[in-house]
1. Is there a residue being more than 26 Å from T288 (Cα to Cα), open to solvent by 80 Å² or more (accessible area, probe 1.4 Å) and in contact with a Pro (Cβ under 7 Å, 6 or more places away or on another chain) anywhere in the stretch 261-269?
2. Collect the residues in the stretch 209-221 that are buried (at least 18 other Cβ atoms within 10 Å of the Cβ) and not aromatic (F, W, Y), keeping them in residue-number order.
3. For the structure I just gave you, tell me whether V225 is over 27 Å from R185 (Cα atoms), at pLDDT 90 or above, open to solvent by less than 80 Å² (accessible area, probe 1.4 Å) and not small (G, A, S).
4. Take R144 and decide whether it is within 27 Å of the chain's Cα centre (by Cα) and open to solvent by 100 Å² or more (accessible area, probe 1.4 Å).
5. Would you point out which residue out of A263, A220, A255 is part of a helix (DSSP H, G or I) and among the aliphatic types (A, V, I, L, M)?
6. Pull out all pairs, ordered by first then second residue, where Cβ-Cβ is under 6 Å, the residues are six or more apart or on different chains, the first lies in the stretch 241-256 and is free of Cβ contacts under 8 Å to residues at least 60 places away in the same chain and open to solvent by 40 Å² or more (accessible area, probe 1.4 Å), and the second is in a strand (DSSP E or B) and of a type in the set (V, I, T).
7. When I244 is evaluated against the numbered criteria (1) among the aliphatic types (A, V, I, L, M); (2) outside any loop (DSSP other than H, G, I, E, B); (3) over 20 Å from Q216 (Cβ atoms), which criterion, by number, is the only one it fails?
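The values are calculated or read from the model by the stated rules, or taken from the named source; none is laboratory data. Bear in mind the structure is a predicted one, so any value in this text is a computation, not a measurement. Using ideal geometry, Cβ is built from the backbone for each residue, glycine included, and neighbour counts are taken over all protein chains shown. Heavy atoms of the whole protein, side chains included, go into the accessibility calculation; ligands, DNA and RNA do not. Shrake-Rupley method; radii C 1.70, N 1.55, O 1.52, S 1.80 Å.
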Amino acid sequence: MAARRDDPWLAFGGSLLLHAGLVAMVFLAMWLKPDIEPTDVAGPVIDAVLVDFSAPPLPSSASRPRPAPPKPEPPKPEPQPEPPPPPPEETKTPPPAQDRIDQEKVRLAAEALEKAEREQEEKRKQEQIDLDRQEELTKMERERQKQLEDIKRLREEAERKRKLEEQKLAQLQDKQKQADADKQRALEQQRMDQLAQQEAAQRAGTNGRDQSLLGQYIVAIQNSVRANWLRPDSVQSVRCTVRIVQIPGGEVISASIVGTCNADDLTRRSVEAAVQRASPLPYRGFETVFVRSIDFNFCYPETLCGG
């Protein structure tokens, strides 16, 4: 039903467009028509009489011959006018429905092209954003690695300094311990020397009492040390004075060569080592003649001591 209502209007529109086109062509042809100026031909004007053979004959006076006019000169050839331009071809107006379809196709194509360009631009922007983000992440990762390397280097430097400080502290402690030990040995030696002097004074005050027991005590010490002596092969004879520092019970604190000694360093050290190996020295039965510091002669062979 809608199509039948539109048919008269469609026909009317087409007819209107057709008449408008014809009128436009007429006006265009008139506008394009060239202006032809009248030609000026030499000679007298020729009177022409239009004869109508179907009309009744004129009166006799009218039929009298007239004198022949002079023969006119031949007219000059007139310039040929330029042919008018061909009329423009009639443009067929497409039906309105087809025109709307074509316009809709053009609009859809333009929208699709615009959408594709917009999507391409958005894709390019997103790729640039992703690239910038990746570069930023890479930069942050490089900075983090650098920070980790700096922290590692600082830790290694701190650890090296700590170990160096520990070594210095251990050396200082060892030196302090050594100094304390030397000081303690010196104090102990001084104290033992004082005790030995006191004991010697006490023996002198007894007017030489128990000399035979003291002699036996010294001989017992000599025999004990000689039994633990490892004689070097190069030793031929030895006569040295040995000082022993001991505590009650015979435990040896120190042993050293004092006074004259005909032995070399190796032999001297072997005698001192023999005293240490003989510790504890004889004590039981000699309590009354015990002294903390005692000197005795060490001889090899024994005849060198007059034994």
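1. Yes, some residue in the stretch 261-269 is more than 26 Å from T288 (Cα to Cα), open to solvent by 80 Å² or more (accessible area, probe 1.4 Å) and in contact with a Pro (Cβ under 7 Å, 6 or more places away or on another chain).
2. Restricting attention to the stretch 209-221, the residues satisfying the condition of being buried (at least 18 other Cβ atoms within 10 Å of the Cβ) are 214, 217, 221.
Hits for the stretch 209-221 are L214, I221.
3. no
4. Judged against the criteria, R144 is a match.
5. A220
6. Short answer, once both residue conditions are applied: R243/V258.
7. (3)
So that you can scan it fast, the table gives a plain yes or no per residue for (1) among the small types (G, A, S); (2) modelled with pLDDT under 90; (3) within 21 Å of L213 (Cβ to Cβ):
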site	(1), (2), (3)
I244	no, no, yes
G250	yes, no, yes
T260	no, yes, no
R277	no, no, no
R284	no, no, yes
